[in-house]
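Take a look at the structure below.
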Amino acid sequence: MGLLEKKVGVVFGVANKRSIAWAIAQAWAREGAHLAFTYQGERLKENVAELAGTFGTDTLLMPCDVTQDDQIQLVFNEIRKRYGKLHLLLHSVAFAPREALEGRFLDTSRDAFRVALDVSTYSLVALARAAAPLMTEGGSILTLTYYGAEKVIPHYNVMGVAKAALEASVRYLAYDLGPQRIRVNAISAGPVNTLAARGISGFLEMLKHYEAKSPLRRNVAPEELGATGLFLASDGAAAITGQVIYVDCGYQIMGM
Ligand code: NAD
Ligand code: 0WE
C-alpha cells in the first residue's frame, strides 16, 4: 500500500525532466497519488505532456499561467468535475525578469519587483485559495524556496525578497487553513541544475561552493527533494505545518 494511495494532487511547475516539480511528482506518484499537471504555456505543453503521460493516458493536463486568475479557476473547476476533491498541491514556480538577477538589487525596477512577487509569491496564495474548497478531507500544500530568502546571495536580488515573502506566506496560509486540516510547508532546496538555474552566471561555482562548504560535502540530488516532498505530503508529517524544511546538505547551519 502506497503512502499516498487514493490521494489526488495537482502539480504546478514542471518544465522538463530536470524540474524539481518533476522529482517530487514522481515520488508522489510512486506512492499511489493520482496527479494532474499544469504547464505555463504552449511552449512547454509537449514536454509536460510527455512526462505526465508516463502515469497513463487519462492524466489531466491543463495550461496555467499562475498570474492569470481565469486560468487558475479553470484548472480547479476541471479538478472538481473529474475528481470532486483534492489532497495535494505542489507549487514549484518562480520567475523574475532576467535583468533583475544581474547587477544591484538597488536598481530593481518597480515592474520587475511586481512581476517577481506576482509569479513567485502571490501565486501560492491564489492557488491555495482555489484549492482549499476542494481539500475537504484535509490536504498538504508544498512550495519551494531558497536560502536567498534569509541571507544575501549575490545576484539573487529580488528573488530573495520574493522568497522571504513566500516563506512568510507559508506561515500565514498555514494559520488560515489549519482548522481545515490543510498543511502548508516549504522545502528550502540547495542549488539544483535546472532550467531556472542554468544561465545564472556563476551557478556552477555555486555548486562547487556547496560541495566544499556544506556539512555533507556534496549537492542535493533531485530524488532527495522528492523524498522530502513525499514525507511532507504524507501522514507522517500530519503535525507539521507552516515550516521551512532545509534540504541543502546542511549548508544553512554554517556561519562560514
Ligand atoms: P524549473 O525551471 O524547472 O521550474 C520553474 C517553473 O516555473 C517552470 O516550470 C516554469 O514554467 C514555471 N513558471 C514560471 N513562470 C510561470 C508562470 N507565470 N505561470 C506558471 N508557471 C510558471 O526550475 P526549478 O529549479 O525546478 O524551480 C522550481 C522551484 O524551485 C522555484 O520556485 C525555484 O525558485 C525553486 N528552487 C530552485 C532551486 C535551484 O537551484 N534550481 C533551489 C531552491 C529553490
Ligand atoms: O529560484 C531560483 C531561480 C529562479 C529564477 C530563475 C530565472 C532564470 C531565467 C527566477 N527567474 C529567472 N528569470 C530568468 O529570466 N533559484 C534558487 C536558482 C538560483 O538562481 C540564482 C541563484 C540560484 C541558486 C540567481 C542568482 C544567484 C543564485
Would you kindly find the accessible area of L204, with a 1.4 Å probe and non-protein molecules such as ligands, DNA and RNA excluded, rounding to the nearest 10 Å²? 110
Rough spin-label spacing in nm, given labels placed 7 Å along Cα→Cβ, for T136 and I240: 2.9
Candidate residues I153, I253: accessible-area rank, largest first, probe 1.4 Å: I253, I153
Note on segment 1-86: C-alpha Rg/Rh, Kirkwood Rh, two decimals, gives 0.95
What's the Kirkwood radius of segment 165-252 in Å, using all Cα pairs? 14.4
Volume per residue (Å³) of the convex hull spanned by the alpha carbons of segment 95-149 is 83
For peptides 223-232, 191-200, sequence by mean Cβ density within 10 Å, most packed first: 223-232, 191-200
Accessible area per residue in Å² at 1.4 Å probe, computed on the chain: 50
Taking a crude spin-label model, label points 7 Å out from Cα along the C-beta direction, the N47 to R171 distance in nm is 3.4
Please report how far the C-alpha centroid of segment 187-211 lies from that of segment 139-158, rounded to the nearest whole angstrom. 13
So for R0 = 51 Å, FRET eff. of K6-M256 from the Cβ-Cβ r, to 0.05, ends up at 0.60
Computed over the chain: relative contact order in percent, which uses C-alpha pairs under 8 Å that are six or more apart: 20
Just to confirm a number: summing +1 for Lys and Arg and -1 for Asp and Glu over residues other than S140 whose beta-carbon lies under 13 angstrom from that of S140, what do you get? 0
Given the rule -39500 (n - 2.57) for each run of at least 4 DSSP H residues, summed and divided by the residues of the chain, what is its mean residue ellipticity at 222 nm, to the nearest 500 deg cm²/dmol? -12000 deg cm²/dmol
Taking the alpha-carbon set of segment 141-182, what are its Rg and Dmax in Å? 12.2, 40
What's the FRET efficiency of A227 with R110 using the Cβ-Cβ distance as r and R₀ = 25 Å, to the nearest 0.05? 0.05
What is the distance in Å between the Cα centres of segment 213-252 and segment 82-111? 20
Share of the chain's accessible area from carbon and sulfur, percent, 1.4 Å? 55
Name the most mobile residue of V48, V152, V119, meaning the one with the largest mean-square fluctuation, in a Gaussian network model of the chain with Cα contacts below 10 Å. V152
Quarter of the surface of the C-alpha convex hull for segment 109-236, i.e. direction-averaged projected area in nm², equals 9.0
Taking one equal scatterer on every alpha-carbon of the chain, how large is log10 of I(q)/I(0) by Debye at q = 0.07, 0.13, 0.14 1/Å? -0.22, -0.79, -0.93
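The values are calculated or read from the model by the stated rules, or taken from the named source; none is laboratory data. Remember, it's a predicted structure, so these values are computed and weren't measured experimentally. Using ideal geometry, Cβ is built from the backbone for each residue, glycine included, and neighbour counts are taken over all protein chains shown. These area figures cover heavy atoms from the full protein model, side chains too; ligands, DNA and RNA do not enter into them. Shrake-Rupley method; radii C 1.70, N 1.55, O 1.52, S 1.80 Å.
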